[in-house]
Structures are given as structure tokens and as C-alpha cells.
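**Q** One structure, pasted below without further comment.
The values are calculated or read from the model by the stated rules, or taken from the named source; none is laboratory data. Keep in mind it's a predicted model, so treat the numbers as computed, not measured. Cβ placement follows ideal geometry from the backbone for every residue including glycine, while neighbour counts extend to all protein chains displayed.
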Amino acid sequence: MRLSVTDRCDLRCRYCMPKEGVAWLGKEKLLTLEEQVRAVGTLVELGIERIKVTGGEPLLYPGLSALLERLSRLPLKDLSLTTNGMRLESMARSLRKAGLRRVTVSLDSMDEGRFKAVTRGGNFKKVWKGLMAAEEEGLTPLKINCVALRENRADVEELARLTLGHPWEVRFIEYMPVTASVRLERSEGVPPGEIRGALEEAFGKLEPVPGYAHAPSVDYRLPRALGKIGFISSVSCSFCPRCDRLRLSADGFLKLCMAHSDGLALKPLLQAGVSDAELREQILRAVFHKPEGHAFWFAAPAAGEAMSRIGG
């Protein structure tokens, strides 16, 4: 389950958020720490084994350490966090002490200028120092996410090259039309097949690597590489049949699929003080209706939908 703790972010990545005019959720609409812990605890009782804390940018969330400490006591197989990396250098140690096991960092370019342009203000040097700090603190295995667009296509080979000298996983994510206000055309994304062809031309044939059966990423290894290359092809080669994911938004909506509005508003139930049995029953009833698949390019995203609010 991906747990979004805030819809706020200190960047405006082109594929995620509009440049301006973003309306943030008020504090009164967000889940409290106790509501987060109860909701997640109930979901873990029902079988959730892996939690990824997301945002917006989760490192902006004031109660992050306290939340991680509580979540780390649950019987989980994995407790991770995804971040834009801008604040990671100063927080890596405290995150590890709070019980976090590993991090995934967004890094769309190794070129300072292109990185700043794609993220609308990101600082490559800060993010790189954050990666180094995370590795030093043992928040591993490190994963790097790159949303492949035409404007950062030239960075694909350089990002993949990181796996030759580091035991990291670099994942290339196909652009998904989730945020209505972004208005990116499909043609602005780079198909995974094109990326794979470019990598094989530059480095040689990619070797398949087995991984977690329900993971969105299909993994490979460059010849003689220490790390892995992953492809998340949500649109052109969807992983819907093997998807076992849920998302809990910062305002307490249990979302069954990123591309559908179906789900369950948990915050009203938590505020009403329903019994544990009733909470479990409501969740099970909702999850039973998890959609079989998405239709990204056949139905426009709802006007209010936003990746920053849903949780990446």
C-alpha cells in the first residue's frame, strides 16, 4: 500500500503538477497521526505486507518521524519511502533511526539544466548528495525513478550507466495521464521499447532479472552491472492483471486504482469511531470491487485528480 502523508510538494515536475494554481488540502482534511496508524494497522491485519510512504513530497510532512516509528512496529516485509530527494541529505539519518528501511528517489536527469527544467526548480546536486547520504545510512537497496519524456530522453543512457558502478535499481517510468491539469500529450512520453532499444545499442543485450511477482517493474541487468534496470510500462504494457496495490490518500481516501475514482472514504469512518470489525468489513467490501484494469488513453482523468494528491 502507498500511504500519502501530504499533497504538498516543493517542486512542480512537468509530468506531475501544473506550474501554478495548485490548491492544497487544508489541515482539517488530512488524516491525523492516530487515524493514519489505525487505518494502516487495519489494512495490515487484512494482509497488507508492504508500505511505501509517499506525497506530494513526504519529507515536507512534520509528523513523518513519529509516523515511521509507529509503522515500523507493524509486522511488515517492507517499509519504504519515495522522495524527490531535495531534503534527503539532512534527513537520511533520522529516517533510518525512525525505522525506515529504504528509499526511492526521483531523478529525471543527470544534467543540472535539464533536471531543473523538468522539475521546475529542482537542484541536481542536492538530490545527488541525498542519494549518497541514503546509501551511507543503509537505506538500501536504493531505487531511482525517471519519468521518460522527450525533453530528458538524452539522459536515459547516463542514468542506466549508474547501475554499472552502483548496486542501485534505475527504473524508467512511462508517462501516465493522471493529473488533468498537466496537459501533456502522449507523444511527449518515450515508449519503454524505445528506451530498451537504446540501452541495448549502447551497452549490449539486457539480461532478465527475476523479482517480486506483483511489482510494477520488469527488471533487467546491463552486462556486468552491479545494479538493475527496471521498466514500468503502465500504459503500453499494463501490469493490471498482477497489480496488488492500494493507495491511501492524505485526506483518507482508500483508492483502489490510480486510474479510477473508485474507493472508500476512510476518514469519516475513523472520525465516527466505528468498531474495528465494521472498519474491516467496509474495507473488504471496497477492495472486492478493485477494477480489473485501467483505460488511461480512452478516458480523460477526472478534473480534480492529481498525482500529488493520490500519492505516487
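**Q** Wholly within segment 112-177, which helices (runs of 4 or more DSSP H) include no fewer than the required count, namely at least 3 residues that are under 22 Å from Leu206 (Cβ atoms) and touching a Phe, Trp or Tyr at 6+ places or on another chain (Cβ under 9 Å)? Give the derivation first.
**A** Details: elements: 112-119, 124-136, 156-165.
Ranges flagged: 156-165.
**Q** For segment 210-236, what are the residues that are at pLDDT 95 or above, part of a loop (DSSP other than H, G, I, E, B) and surrounded by 14 or more Cβ atoms within 10 Å (Cβ to Cβ)?
**A** Within segment 210-236, Leu222, Ala225, Gly227 qualify.
Per-residue answers, yes or no, for (1) closer than 28 Å to Ile173 by Cα; (2) within 15 Å of the chain's Cα centre (by Cα); (3) among the acidic types (Asp, Glu); (4) in a loop (DSSP other than H, G, I, E, B):
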{"residue": "Arg38", "(1), (2), (3), (4)": "no, no, no, no"}
{"residue": "Thr42", "(1), (2), (3), (4)": "no, no, no, no"}
{"residue": "Lys52", "(1), (2), (3), (4)": "yes, yes, no, no"}
{"residue": "Leu59", "(1), (2), (3), (4)": "yes, yes, no, no"}
{"residue": "Leu95", "(1), (2), (3), (4)": "yes, no, no, no"}
{"residue": "Ser109", "(1), (2), (3), (4)": "yes, no, no, yes"}
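**Q** Is there a residue in segment 266-277 that is surrounded by 13 or more Cβ atoms within 10 Å (Cβ to Cβ) and at pLDDT below 95?
**A** Taking every residue of segment 266-277 in turn, none turns out to be surrounded by 13 or more Cβ atoms within 10 Å (Cβ to Cβ) and at pLDDT below 95.
**Q** Please give the number of the condition Arg153 fails out of (1) within 20 Å of the chain's Cα centre (by Cα); (2) closer than 24 Å to Leu222 by Cβ; (3) surrounded by fewer than 22 Cβ atoms within 10 Å (Cβ to Cβ); (4) not polar (S, T, N, Q).
**A** The number of the failed condition is (1).
**Q** Please verify whether Phe124 is surrounded by 14 or more Cβ atoms within 10 Å (Cβ to Cβ), in contact with a Gly (Cβ under 6 Å, 6 or more places away or on another chain), hydrophobic (A, V, I, L, M, F, W, C) and more than 26 Å from Cys243 (Cβ to Cβ), treating the condition exactly as stated.
**A** no
**Q** Quick check on segment 97-107: of everything there that is of a type in the set (A, V, I, L, M) and outside any helix (DSSP H, G or I), which residue is farthest from the chain's Cα centre (by Cα)?
**A** Restricting to residues being of a type in the set (A, V, I, L, M) and outside any helix (DSSP H, G or I), the top hit is Leu100.
**Q** Only residues that are more than 15 Å from Met1 (Cβ to Cβ) and not in a helix (DSSP H, G or I): list them for segment 21-36, please.
**A** The answer is Gly21, Val22, Ala23, Trp24, Leu25, Gly26, Leu30, Thr32.
**Q** Could you check Ala259 against (1) more than 30 Å from Gly26 (Cα to Cα); (2) in a loop (DSSP other than H, G, I, E, B) and say which number it fails?
**A** (1)
**Q** For segment 55-88, which positions are of a type in the set (Ser, Thr, Tyr) and surrounded by fewer than 17 Cβ atoms within 10 Å (Cβ to Cβ)?
**A** Ser65, Ser72
**Q** Of the residues Lys27, Lys19, only one is out of contact with any helix residue (DSSP H, G or I) (no Cβ under 8 Å at 6 or more places or on another chain), within 20 Å of Tyr175 (Cα to Cα) and surrounded by fewer than 21 Cβ atoms within 10 Å (Cβ to Cβ); which?
**A** Result of the check over Lys27, Lys19: Lys19.
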